[in-house]
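Every number in this text was worked out from the coordinates using simple rules, so none of it is lab data. Everything numeric here is computed off the predicted structure, so don't read it as measured data. With ideal geometry, Cβ positions are generated from the backbone for all residues, glycine too; neighbour counts draw on all protein chains shown.
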């Protein structure tokens, strides 16, 4: 029975000590660390980290709880004051918004379950394929307008330009068509050994 009484006193002390320290700090007691009107709990957390090693182990556990309370209060303060300047980072200021969205989706994919991860990866891959196709079509357009290319070669270059958007079967068929076009373009002399 006496053990229960001691435990109750310990639990009461655990709850009372953080409140007591909080009151001492807030009322301008000996632990007051800031003089401006905005509460800076970060300094109080730092103070508790520095003094806690000098307390007994049981007291360090209590001080750890107090420290956690001040860290929570510090977070609330940051939310209320919108004080995020130290944690805001712009890693890729020069990236266009579409590329930033791609990076966000690819980073988020690491934290999604399998089905959603595959969907996110598919979105990123599709975006990359669309831009690769766009680049290929621009190159094709420049090649066709500046060079004298026969119709078969022109068709093949066009098909190769849109290849990134083709599904797997389409890519296999494209390779077969490419071989057929190579055969059609080959001269008769190249086939003489075969007949």
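Where in segment 109-139 does the amide nitrogen come within less than 13 Å of the point 7 Å from the Cα of residue 174, taken along Cα to Cβ? Residues 129-137 fall inside that zone. Put a dot 7 Å past the Cα of residue 126, heading toward its Cβ, do the same for residue 158, and the two dots end up 2.5 nm apart.
Calculated FRET efficiency, residue 81 and residue 151, Cβ-Cβ r, R0 45 Å, to nearest 0.05? Present the calculation step by step, with values, prior to reporting the outcome.
Values: r = 69 Å, r/R0 = 1.53.
About 0.05, to the nearest 0.05.
Each label was represented as a point 7 Å from its Cα along the Cα-to-Cβ direction; for residue 182 and residue 108 these points are 4.4 nm apart.
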